[in-house]
Amino acid sequence: MNKEVIVVTAICGPHCVGPDDGMALFEKMLSILKSGNSVCLDFSSVETLTTSFLNASVGKIFGKFDYADLEARLQLINLDTVDQQSVSLVIKNAKEHFAKNQEIRQAENDIVRKAHEED
Amino acid sequence: MVQIRIPSVSLESTISNIERLLQSLLPSYQEEQITLDFTECRFIAANGITILAGMKLVRDTKGFQTQIDMTTISESVKKVLMKWRFLDLFGQGCSLSKGTSIPIYVQREFSAKEQKLETVNYIECEIFQRSEMPQMSDILKKHIKNALLEVFGNIFYHSNSQIGGIVCGQIYPNIKQIQIIVYDAGKGLAKCVRDFDSMISSDVDAIKWALRYGTSTLSGENDSPRGLGLFILDQFINANEGEFCIYANNGVVQDRKDGQTSHTLNTAFSGTLIDMRINIKDDVKYILASEKEV
């Protein structure tokens, strides 16, 4: 198994702010991971990183592979403290999102809506 | 030609002020020719200016004519309108110093790298690099930039706004605070949520739903986790002890240090406006929900 490094700025530029940019990164990660290799995302020189970008790239990949497999084959480097916080939140959200099916998500929404109505 | 009398929009009692402004602007949706009359306007805050700018740009897209009766504007209000570059929208630019105002920025589209870079440059030049801006740490700068870009980017992925997005604001150097307003003239956040989930019974509840962790109105085959942008904004502003107010359709939700309040507008708001007040304080550890219990 080889490790392929993706320099994020080479695909998305220094401002990674939208799901369209995130999708481009997702496609690249997907093709490498499908080939059996591991991926190292290098965020050096990334100046702006939003959760909408991360959801469409790093978050979305959690719907395609087993979590344990990803933990072994996906590495993210050169993130500062603020970006690390965003990445952790996105991964947590992605794991929860893909662990639930549509019925559970709808049931959760119903519970919250009823709580609001009772306020 | 219909005359629209613009009321004052002061910094205090903002919601009732905004409601009065929205009521005054009702004819602007239908009338092909209007003149803005500032006789009754003694002061106008950044959120009021943003709404007026949005109204003008929406009318432009319809080919409607909007004029200002300059004879009705007091010198002090004129100065304010110039500092925010509002009069530029009417072809009356000026070289007056911006002072502590963060001038109006309009971005019609946000898909090309150049458009994103232009927005980042606006944030850098018109907010962070201003001599009026109090010193702040790089971490706080990054949080502010990310929060603003999350909210601004959402306009282009959710709102279907025909004028794109508008940003405007104010620096308060003495109290070390900045106000940033992001506006779109799209469908409105509350309507988007209620179209997604028809069981949500009010616009206020719809805004509260959108602030929750992991909620989004986008779903379908392209199944990707979403819904963290407004949640992160909420988390950041709370940690910062700042405040924000979201106006969408008939709902208003305001989040302050002393808690969340809501209000129902009698006059529907066209689109979504997010009014953020951020303290320039670095003695705070900005912990997001990834490190806390959600």
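Looking for whichever is over 16 Å from the mean Cα position of the chain (by Cα) and modelled with pLDDT of 90 or more here; the options are B:172, B:183. Which one fits?
B:172
Output the number of residues of segment B:262-294 satisfying the condition of being modelled with pLDDT of 90 or more and out of contact with any strand residue (DSSP E or B) (no Cβ under 6 Å at 6 or more places or on another chain).
Number of matching residues: 2.
Confirm whether residue B:126 is of a type in the set (Asp, Glu), in contact with a Ser or Thr (Cβ under 7 Å, 6 or more places away or on another chain), buried (at least 20 other Cβ atoms within 10 Å of the Cβ) and in contact (Cβ under 8 Å) with a residue 12 or more places away in the chain.
Spelling it out, it is not the case that residue B:126 is of a type in the set (Asp, Glu), in contact with a Ser or Thr (Cβ under 7 Å, 6 or more places away or on another chain), buried (at least 20 other Cβ atoms within 10 Å of the Cβ) and in contact (Cβ under 8 Å) with a residue 12 or more places away in the chain.
Out of curiosity, is residue B:260 farther than 22 Å from residue A:18 by Cβ, within 13 Å of another protein chain (Cβ to nearest Cβ) and not in a helix (DSSP H, G or I)?
So residue B:260 fits the description; yes.
So that you can scan it fast, the table gives a plain yes or no per residue for (1) in contact (Cβ under 8 Å) with a residue 12 or more places away in the chain; (2) touching a helix residue (DSSP H, G or I) at 6+ places or on another chain (Cβ under 9 Å); (3) surrounded by 20 or more Cβ atoms within 10 Å (Cβ to Cβ):
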position: B:106; (1), (2), (3): yes, yes, no
position: B:114; (1), (2), (3): no, no, no
position: B:121; (1), (2), (3): no, no, no
position: B:134; (1), (2), (3): yes, no, no
position: B:144; (1), (2), (3): yes, yes, yes
position: B:148; (1), (2), (3): yes, yes, yes
position: B:154; (1), (2), (3): yes, yes, yes
position: B:167; (1), (2), (3): yes, yes, yes
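Here are B:132, B:126, B:118: which of them is in contact with a strand residue (DSSP E or B) (Cβ under 9 Å, 6 or more places away or on another chain) and part of a loop (DSSP other than H, G, I, E, B)?
The match here is B:132.
Out of everything in segment B:116-139 that is more than 10 Å from chain A (Cβ to nearest Cβ) and touching an Asp or Glu at 6+ places or on another chain (Cβ under 8 Å), what residue ends up being farthest from residue A:12 (Cα to Cα)?
Among those residues, the one meeting the criterion is B:136.
When segment B:72-90 is examined, which residues are found to be more than 21 Å from residue B:122 (Cβ to Cβ) and in a loop (DSSP other than H, G, I, E, B)?
B:73, B:74
Hey, does segment B:158-174 have a residue that's under 24 Å from residue B:123 (Cβ atoms) and touching a Cys at 6+ places or on another chain (Cβ under 8 Å)?
The answer is yes; a qualifying residue exists.
At least 2 residues that are in contact with a strand residue (DSSP E or B) (Cβ under 6 Å, 6 or more places away or on another chain), more than 8 Å from every other protein chain (Cβ to nearest Cβ) and closer than 25 Å to residue B:61 by Cβ in each: list the helices (runs of 4 or more DSSP H) lying fully within segment B:146-253 that qualify.
Of the helices (runs of 4 or more DSSP H) lying wholly inside segment B:146-253, those with at least 2 residues that are in contact with a strand residue (DSSP E or B) (Cβ under 6 Å, 6 or more places away or on another chain), more than 8 Å from every other protein chain (Cβ to nearest Cβ) and closer than 25 Å to residue B:61 by Cβ span B:189-196.
For segment B:123-132, give me each residue that is of a type in the set (Ser, Thr, Tyr) and in contact with a helix residue (DSSP H, G or I) (Cβ under 9 Å, 6 or more places away or on another chain).
Within segment B:123-132, none qualify.
How about segment B:94-104: which of its residues are farther than 17 Å from residue B:182 by Cα and buried (at least 16 other Cβ atoms within 10 Å of the Cβ)?
B:100
Scanning for something among the hydroxyl-bearing types (Ser, Thr, Tyr), at pLDDT 95 or above, part of a strand (DSSP E or B) and in contact with a helix residue (DSSP H, G or I) (Cβ under 8 Å, 6 or more places away or on another chain), does segment B:57-71 turn up at least one residue?
Yes, segment B:57-71 has at least one match.
Checking the conditions here, which among B:98, B:83, B:62, B:113 is in contact with a strand residue (DSSP E or B) (Cβ under 6 Å, 6 or more places away or on another chain), under 28 Å from residue B:162 (Cβ atoms) and of a type outside the set (A, V, I, L, M)?
Going through B:98, B:83, B:62, B:113 in turn, the sole match is B:83.
Let's see how each residue does on (1) at pLDDT below 95; (2) surrounded by 14 or more Cβ atoms within 10 Å (Cβ to Cβ); (3) touching a Ser or Thr at 6+ places or on another chain (Cβ under 7 Å):
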{"site": "B:35", "(1), (2), (3)": "no, yes, no"}
{"site": "B:41", "(1), (2), (3)": "no, yes, yes"}
{"site": "B:78", "(1), (2), (3)": "yes, yes, no"}
{"site": "B:83", "(1), (2), (3)": "yes, yes, yes"}
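The values are calculated or read from the model by the stated rules, or taken from the named source; none is laboratory data. From a predicted model like this one, the values you see are computed outputs, not experimental measurements. FYI the Cβ positions are ideal-geometry reconstructions off the backbone, even for glycines, and counts take in every protein chain you see.
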